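Visitor: First the structure, which I've put down as structure tokens, then a few questions once you've had a look.
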Number of protein chains: 2
Amino acid sequence: MLTYDLEKRGELPRYDYLYRCIKGDILSGRLGPGERLPSKRALAAHLGTAVATVENAYAQLLAEGYLVSRQRAGYYVAQVESRAGGACPAEVGTCGAEAGLWGERRGGEAPPRPWLLDLRGSGGGIEGFPFSVWARLTRRVLSERGPALLRAVPHSGVPELREALARHLYELRGIRARPEQIVVGAGAEYLYNLLVQLLGRERGYGLEDPGYSRAWQVYALNGARCRSLPVDGQGVPPEAFEGTDLQVLHLSPNHQFPTGAVTPIPRRQAMLRWAGAGDRYLIEDDYDSEFRFSGRPIPPLQSIDQGGKVLYLNTFSRTLAPSLRIGYLVLPPALVGRYREKLGFYACTVPAIEQHTLALFLSEGYFESHLNRMRVFYRGRRDRVLEAVQDSPLAGRCRPLREEAGLHFLLELDTDVPDRELARRGEEAGLRLSFLTDYQRREGSAPAHTLVVHYPALAPEGLGRGLEALARLLD
Amino acid sequence: MLTYDLEKRGELPRYDYLYRCIKGDILSGRLGPGERLPSKRALAAHLGTAVATVENAYAQLLAEGYLVSRQRAGYYVAQVESRAGGACPAEVGTCGAEAGLWGERRGGEAPPRPWLLDLRGSGGGIEGFPFSVWARLTRRVLSERGPALLRAVPHSGVPELREALARHLYELRGIRARPEQIVVGAGAEYLYNLLVQLLGRERGYGLEDPGYSRAWQVYALNGARCRSLPVDGQGVPPEAFEGTDLQVLHLSPNHQFPTGAVTPIPRRQAMLRWAGAGDRYLIEDDYDSEFRFSGRPIPPLQSIDQGGKVLYLNTFSRTLAPSLRIGYLVLPPALVGRYREKLGFYACTVPAIEQHTLALFLSEGYFESHLNRMRVFYRGRRDRVLEAVQDSPLAGRCRPLREEAGLHFLLELDTDVPDRELARRGEEAGLRLSFLTDYQRREGSAPAHTLVVHYPALAPEGLGRGLEALARLLD
């Protein structure tokens with residue numbers, strides 16, 4: 001007869017302990033397949049416990065399939081493999097408090113190295129975010145909307161946010177879109193997934209080279225055929241896509257990433273004409289058009305699209321904060337139905353609280369004043385960085401380019417040292433450099449000796465020392 | 001000479017109005033490609049405005065590519081196509097306040113129809129969610145963490161949440177996982193995308209049939225080869241995958257959706273053995289195992305996996321609220337590196353505020369007490385529904401099945417009427433029915449005449465009338 005000492009059960013209920021013991025014996029092979037278990041009554045008497053204890057233990061073993069019951073014939077061990085020498089679950093069950101099981105906390109992600117100069121630094125400008133306003137609006141949403149916030153959200157986002165976005169897009173970007181055309185999602189990369197799934201992976205996708213590598217990664221992970229599109233000082237030339245079998249172009253025509261090129265209107269028209277001549281689409285990635293320091297913002301492709309060929313994409317990662325993960329698509333009216341049919345089953349990935357908070361932030365004018373402040377802040381920071389370059393030994397050995405817009409500019413260096421060698425030397429000297437060639441997919445598609453200066457996180461203090469060290473690398 | 005009446009500019013700055021006028025004339029064809037524009041000085045004098053006004057207007061037109069400048073020769077209209085009869089941007093620019101532009105608000109999504117009986121109803125139990133606790137914790141996170149919440153979050157989630165999840169998983173599900181193995185993401189469907197992208201679409205994926213259609217949809221949208229796996233009273237039988245070229249099985253072994261079958265241990269071992277014999281994986285979708293009303297929860301496959309073959313997935317949509325969009329994966333240790341390499345570029349899709357709030361909710365014991373309360377609530381609701389069935393004319397004409405766990409159970413009907421006909425009759429009578437056959441992909445893979453009763457949203461009031469109407473459909 002099975003014998004277990006129920007006094008050793010510690011804080012476990014009796015039935016639970018008995019269940020673990022029998023399970024352990026089955027897994028260790030002490031109880032073999034087909035073996036008949038004692039009746040509940042007999043085992044209860046043998047162990048000096050209530051019949052209900054055995055009943056509950058057997059019921060659980062039955063539910064998990066360790067035992068099978070045969071009508072009126074009792075309980076038998078199922079065809080379970082035993083683990084030779086394996087730990088029995090009862091043992092496993094006690095080792096949770098084992099020292100070190102969660103000892104190496106936060107491992108795996110190395111702490112960021114402190115750089116003398118970090119041209120790839122992200123963040124910066126976060127300090128300018130009106131966190132107290134955001135927190136206040138969040139509290140207001142929590143108290144005004146209450147438990148209604150828990151209900152599932154429409155797949156394309158809460159109506160209040162899509163309406164606020166439609167107004168904002170019209171006022172800031174001249175984009176005319178009904179709220180129904182807008183799809184809210186958790187950041188650009190998530191939305192790239194939706195775009196391929198909407199348009200289909202079987203199409204050929206053209207992406208700018210040099211370009212934003214994450215877009216390429218997401219398209220490729222989705223199995224889309226990706227092809228490089230060359231980029232010159234005016235963005236992508238029409239020869240790159242005309243007469244090819246490409247069907248979708250992913251473009252950043254308003255401030256090409258990373259070259260900063262603005263695509264002039266004749267090329268934009270060529271793009272729209274190309275798209276209009278077939279089942280073709282243009283994805284307009286308008287990732288940082290909010291920041292243009294001279295003149296007016298460049299009107300997006302979407303605003304001159306009369307054929308419903310442009311899928312517009314933007315996020316709040318750069319204008320608000322990277323941790324918020326809120327982006328959106330503006331679909332052409334003719335694709336709204338296809339989206340709903342094909343992807344409408346996806347639940348909206350942005351929590352309701354954030355959506356309502358952002359809706360208030362937009363509709364009550366906080367976003368606009370934040371943008372205005374940030375333009376002044378970024379322009380000032382860019383000016384400080386450009387001045388620091390002029391005051392450094394780099395002056396006369398480099399030329400800033402495309403510094404009139406966006407959160408990065410270029411710095412063309414007078415040097416014969418190859419970019420990779422410069423990057424290696426920089427790394428040794430504590431400089432984290434970023435070259436246009438880092439963003440190319442094909443060798444030679446980006447000009448060499450050209451730094452991409454992501455300046456928002458470049459604090460003016462200490463910049464001089466970093467630039468001095470950089471100048472020393474050039475010879 | 002170009003002539004525009006700057007007095008008509010309304011509230012626009014002069015340069016902006018001038019820019020719009022010239023752009024309009026280029027787009028309408030009044031100014032043709034190659035045409036030379038007057039010098040800034042001449043146009044300024046002609047229009048009676050400052051040279052700077054013209055300078056700014058020209059600069060913007062240049063930036064957008066409507067004009068080209070030739071060194072010392074002046075400004076020329078670029079090769080821009082004109083729109084015959086098209087609206088000029090100046091006109092477009094004034095119609096934002098147009099009545100009706102956003103008039104049809106919240107259109108596109110029809111209001112839910114009020115049903116006499118709705119077996120597909122989602123939600124329910126949301127009223128049990130301790131919203132005030134959640135709101136309080138959110139406020140605490142906002143004030144304690146402040147602007148640090150704006151920084152980008154590690155790709156797999158904030159460490160505090162992954163640690164809290166690791167502890168929770170161990171205590172509730174017997175899952176031993178280091179926080180490094182956990183990936184937090186915006187809901188199950190998003191995570192399904194990550195799973196295919198991690199394991200590769202070129203593999204054959206086996207999915208339960210009948211099963212959860214969204215998993216199939218996401219895998220198929222990712223281009224994975226999907227194949228149906230039959231389901232019997234014990235889940236998926238080994239014959240369904242042994243000897244096939246499948247490489248990944250998507251399973252809900254702890255409470256198969258929608259049949260409710262629990263896969264017994266011998267089959268689980270067969271699954272693990274199969275996976276262990278090749279480059280194969282098991283995705284364990286543990287979507288509602290928290291709700292088991294008799295005995296202990298069924299231990300997950302993950303907890304007996306010694307070969308690192310199980311990718312465990314769960315969400316908080318059913319245990320907390322569908323609008324929160326927080327789910328997670330537990331990867332086998334050997335896949336953590338591959339994940340980081342292949343998908344680590346994805347930003348985490350859950351905002352930092354929600355992640356910290358959930359971490360507190362878990363680590364301070366609120367989740368556990370909430371689950372305990374909800375188990376009582378759901379058990380009570382299930383009992384009321386079963387009692388109402390017994391008290392209705394359906395009694396004796398149906399048998400409840402698999403009612404011991406989960407948020408739905410089955411109701412086998414004594415009828416010869418085909419399911420589709422029943423659904424049609426139901427629709428007419430105000431009953432929204434849900435059959436096992438609704439979840440099948442291949443005809444005949446699910447037994448007919450079996451209702452799937454999603455009961456959490458079934459309020460006991462009025463249930464009697466709905467069940468009476470249902471009984472009338474059976475003949």
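The values are calculated or read from the model by the stated rules, or taken from the named source; none is laboratory data. Computed from a predicted structure; not experimentally measured. Every residue, glycine as well, gets a Cβ built from its backbone with ideal geometry; the counts of neighbours run over all protein chains shown.
Visitor: Do you know which residues across region B:212-236 are small (Gly, Ala, Ser) and either outside any loop (DSSP other than H, G, I, E, B) or under 17 Å from B:LEU246 (Cα atoms) (or both)? Show your work before the answer.
Guide: Residues of region B:212-236 that are small (Gly, Ala, Ser), as a first pass: B:213, B:215, B:220, B:223-224, B:228, B:233, B:235.
Result: B:SER213, B:ALA215, B:ALA220, B:GLY223, B:ALA224, B:SER228, B:GLY235.
Visitor: When region B:164-204 is examined, which residues are found to be acidic (Asp, Glu) and farther than 23 Å from A:TRP216 by Cβ?
Guide: To start, the set of residues in region B:164-204 that are acidic (Asp, Glu) comprises B:171, B:180, B:189, B:202.
Listed by number, the residues that qualify are B:GLU171, B:GLU180, B:GLU189.
So that you can scan it fast, the table gives a plain yes or no per residue for (1) assigned to a loop (DSSP other than H, G, I, E, B); (2) buried (at least 21 other Cβ atoms within 10 Å of the Cβ); (3) within 10 Å of another protein chain (Cβ to nearest Cβ); (4) touching a Phe, Trp or Tyr at 6+ places or on another chain (Cβ under 6 Å):
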residue: B:GLY243; (1), (2), (3), (4): yes, no, no, no
residue: B:VAL248; (1), (2), (3), (4): no, yes, no, yes
residue: B:GLU284; (1), (2), (3), (4): no, yes, no, yes
residue: B:PRO297; (1), (2), (3), (4): yes, no, yes, no
residue: B:GLN306; (1), (2), (3), (4): yes, no, yes, no
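Visitor: Can we say A:VAL183 is more than 9 Å from chain B (Cβ to nearest Cβ) and either surrounded by 18 or more Cβ atoms within 10 Å (Cβ to Cβ) or closer than 18 Å to A:ALA352 by Cα (or both)? Give the derivation first.
Guide: Details: more than 9 Å from chain B (Cβ to nearest Cβ): yes; either surrounded by 18 or more Cβ atoms within 10 Å (Cβ to Cβ) or closer than 18 Å to A:ALA352 by Cα (or both): yes.
Yes, satisfied.
Visitor: While we're on this one: Given the conditions (1) without any contact (Cβ under 8 Å) to a residue 12 or more places away in the chain; (2) within 20 Å of B:ALA63 (Cβ to Cβ), and given that B:LEU2 satisfies all but one, which numbered condition is not satisfied?
Guide: For B:LEU2, the failing item is (1).
Visitor: Name the residues in region A:231-254 that are of a type in the set (A, V, I, L, M) and over 13 Å from A:PRO210 (Cα atoms), would you?
Guide: Here is the first cut: in region A:231-254, the residues of a type in the set (A, V, I, L, M) are A:231, A:236, A:240, A:246, A:248-249, A:251.
Answer for region A:231-254, where residues must be of a type in the set (A, V, I, L, M) and over 13 Å from A:PRO210 (Cα atoms): A:ALA240, A:LEU246, A:VAL248, A:LEU249.
Visitor: Name the single residue that is farthest from the other protein chains (Cβ to nearest Cβ) among those in region A:132-165 being surrounded by fewer than 19 Cβ atoms within 10 Å (Cβ to Cβ) and free of Cβ contacts under 8 Å to residues at least 24 places away in the same chain.
Guide: Step by step, filter region A:132-165, then rank; the result is A:GLU144.
Visitor: Write out, first by first residue and then by second, each pair whose Cβ atoms fall under 6 Å of each other, whose residues are 6+ apart or on separate chains, and whose first residue, in region B:326-350, is closer than 16 Å to B:ALA177 by Cα while the second is in a loop (DSSP other than H, G, I, E, B) and of a type in the set (A, V, I, L, M, F, W, C).
Guide: Listed by first residue and then by second, the contacts come to B:VAL330/B:ALA177; B:TYR339/B:LEU331.
Visitor: While we're on this one: Would you please name the residue that is modelled with the highest pLDDT, looking only at residues in region B:31-72 that are of a type in the set (S, T, N, Q) and either under 48 Å from the mean Cα position of the chain (by Cα) or in a helix (DSSP H, G or I) (or both)?
Guide: Taking region B:31-72 and keeping what is of a type in the set (S, T, N, Q), we get B:39, B:49, B:53, B:56, B:60, B:69, B:71.
Restricting the remaining residues to those that are either under 48 Å from the mean Cα position of the chain (by Cα) or in a helix (DSSP H, G or I) (or both) gives B:53, B:56, B:60.
Details: B:THR53: 90, B:ASN56: 87, B:GLN60: 86.
This residue is B:THR53.
Visitor: Next question. From the list A:GLU387, A:GLU354, A:GLU443, A:GLU421, pick out the single residue that is in a helix (DSSP H, G or I), among the acidic types (Asp, Glu) and under 31 Å from the mean Cα position of the chain (by Cα).
Guide: A:GLU354
Visitor: Could you say which residue among B:PRO258, B:PRO230, B:PRO266 is on the phi < 0 side of the Ramachandran plot and within 14 Å of another protein chain (Cβ to nearest Cβ)? Spell out the reasoning first.
Guide: Numbers: B:PRO258 fails: within 14 Å of another protein chain (Cβ to nearest Cβ); B:PRO230 fails: within 14 Å of another protein chain (Cβ to nearest Cβ).
Going through B:PRO258, B:PRO230, B:PRO266 in turn, just one is on the phi < 0 side of the Ramachandran plot and within 14 Å of another protein chain (Cβ to nearest Cβ): B:PRO266.
Visitor: Follow-up. If you scan region A:198-241, which residues turn out to be farther than 28 Å from A:ARG338 by Cα and without any contact (Cβ under 8 Å) to a residue 40 or more places away in the chain?
Guide: The initial filter retains those residues of region A:198-241 that are farther than 28 Å from A:ARG338 by Cα, namely A:209-211, A:230-240.
Once the filter is applied, which keeps residues that are farther than 28 Å from A:ARG338 by Cα and without any contact (Cβ under 8 Å) to a residue 40 or more places away in the chain, region A:198-241 yields A:ASP232, A:GLY233, A:GLN234, A:GLY235, A:VAL236, A:PRO237, A:PRO238, A:GLU239, A:ALA240.
Visitor: Can you tell me which residue among A:VAL77, A:VAL68 is surrounded by 15 or more Cβ atoms within 10 Å (Cβ to Cβ), in contact (Cβ under 8 Å) with a residue 12 or more places away in the chain, within 14 Å of chain B (Cβ to nearest Cβ) and of a type outside the set (S, T, N, Q)? Steps first, please.
Guide: Values: A:VAL68 fails: in contact (Cβ under 8 Å) with a residue 12 or more places away in the chain.
So the residue among A:VAL77, A:VAL68 that is surrounded by 15 or more Cβ atoms within 10 Å (Cβ to Cβ), in contact (Cβ under 8 Å) with a residue 12 or more places away in the chain, within 14 Å of chain B (Cβ to nearest Cβ) and of a type outside the set (S, T, N, Q) is A:VAL77.
Visitor: Residues in region A:272-279: is at least one aliphatic (A, V, I, L, M), surrounded by 24 or more Cβ atoms within 10 Å (Cβ to Cβ), within 14 Å of chain B (Cβ to nearest Cβ) and assigned to a helix (DSSP H, G or I)? Break it down into steps so the answer makes sense when it comes.
Guide: Within region A:272-279, the first condition is being aliphatic (A, V, I, L, M), and the residues that meet it are A:272, A:275, A:277.
Add one more test, that the residue is surrounded by 24 or more Cβ atoms within 10 Å (Cβ to Cβ), and what stays is none.
No, region A:272-279 has no match at all.
Visitor: Also: Of the residues B:TYR190, B:TYR170, which single one is within 29 Å of A:GLY121 (Cα to Cα) and either at the interface with another protein chain (Cβ under 9 Å from one of its Cβ atoms) or assigned to a loop (DSSP other than H, G, I, E, B) (or both)?
Guide: The conditions single out B:TYR190.
Visitor: Going by the structure shown, is A:GLU403 of a type in the set (Asp, Glu) and modelled with pLDDT under 95? Steps first, answer last, please.
Guide: Values: of a type in the set (Asp, Glu): yes; modelled with pLDDT under 95: yes.
When the stated conditions are applied, A:GLU403 passes them.
Visitor: Sticking with this structure for a sec: So A:GLY211 clears everything in (1) at the interface with chain B (Cβ under 7 Å from one of its Cβ atoms); (2) over 28 Å from B:TRP134 (Cβ atoms) except one condition, right? Which one?
Guide: (1)
Yes/no matrix, rows are residues, columns are (1) of a type outside the set (Phe, Trp, Tyr); (2) at the interface with chain A (Cβ under 10 Å from one of its Cβ atoms); (3) under 30 Å from B:LEU407 (Cα atoms); (4) buried (at least 22 other Cβ atoms within 10 Å of the Cβ):
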| residue | (1), (2), (3), (4) |
| --- | --- |
| B:LEU313 | yes, no, yes, yes |
| B:LEU331 | yes, no, yes, yes |
| B:ARG338 | yes, no, no, no |
| B:LYS342 | yes, yes, no, no |
| B:PHE345 | no, yes, no, no |
| B:THR349 | yes, yes, yes, yes |
| B:ILE353 | yes, yes, yes, yes |
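Visitor: Just give me the residues in region A:446-458 being within 11 Å of A:LEU119 (Cα to Cα) and either among the small types (Gly, Ala, Ser) or part of a helix (DSSP H, G or I) (or both), in sequence order.
Guide: First pass over region A:446-458, keeping only residues within 11 Å of A:LEU119 (Cα to Cα): A:451-458.
Within region A:446-458, A:ALA457 is the sole residue that qualifies.
Visitor: Please state which one of A:ALA395, A:ALA446, A:ALA429, A:ALA423 is crowded, with 21+ Cβ neighbours inside 10 Å and not β-branched (Val, Ile, Thr). If you could, list the steps in order and put the result at the bottom.
Guide: Numbers: A:ALA395 fails: crowded, with 21+ Cβ neighbours inside 10 Å; A:ALA429 fails: crowded, with 21+ Cβ neighbours inside 10 Å; A:ALA423 fails: crowded, with 21+ Cβ neighbours inside 10 Å.
From the options A:ALA395, A:ALA446, A:ALA429, A:ALA423, the qualifying one is A:ALA446.
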